[in-house]
Amino acid sequence: MLKFFKGYGLGYAQCILKGAESFKSPMLVVGANSKIRELIPAETLKLYDVHLLFFPTAEATWQLGILYVSRAEYNLVALNLGVGEATELALEQCIKAPIDSIELHPKAMQWLVNSIYRCPKLSIKDLLALEPYVKKTA
């Protein structure tokens, strides 16, 4: 898990959606509920609202993120990122990473949750249809 958003303020919440320097603004993957229920344990789904994010990049990799928002403690959030040549590999990395929550200021948390739904949308069907990148051999 990348921990580039430690802190309590709004600036740190904005870092979650903007990502690291190599990432652009994410796209919210819609229609992923059944896929998420298949891959993530039910105990985790009881504790967190789960949002799948796609980060478009200029690199020859697919970059996905899973944003966990705690249901029990409103101000806890975690972001697991995965990078792979195929979307399935990137998604697998996101899910296998441990959930390491941080606490955000309530206003930063409110901004983050509202901003998630304002992201551009991408359907899970379109995401899974993306061609894997092939490594070039010299």
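Values in this text are rule-based calculations from the coordinates and carry no lab data. Just so we're clear, the structure is a prediction, and the values are computed from it rather than from any experiment. All Cβ positions, glycine included, derive from the backbone under ideal geometry; neighbour counts span all protein chains shown.
General remarks:
- Linear extension gain, E38 paired with D100, 0.36 nm per residue minus alpha-carbon span: 20.2 nm
- The percentage of C-alpha pairs in segment 10-127 whose separation is greater than 20 Å is 38%.
- Label-zone membership for segment 41-66, site N114, 7 angstrom Cα→C-beta point, backbone N under 11 Å: none
- With θ taken as phi - 60° and the Karplus curve 6.51 cos²θ - 1.76 cosθ + 1.60 applied, the whole-hertz 3J(HN,Hα) list for segment 69-79 is 10, 5, 8, 6, 10, 4, 8, 8, 9, 9, 10 Hz, x standing for glycine and proline.
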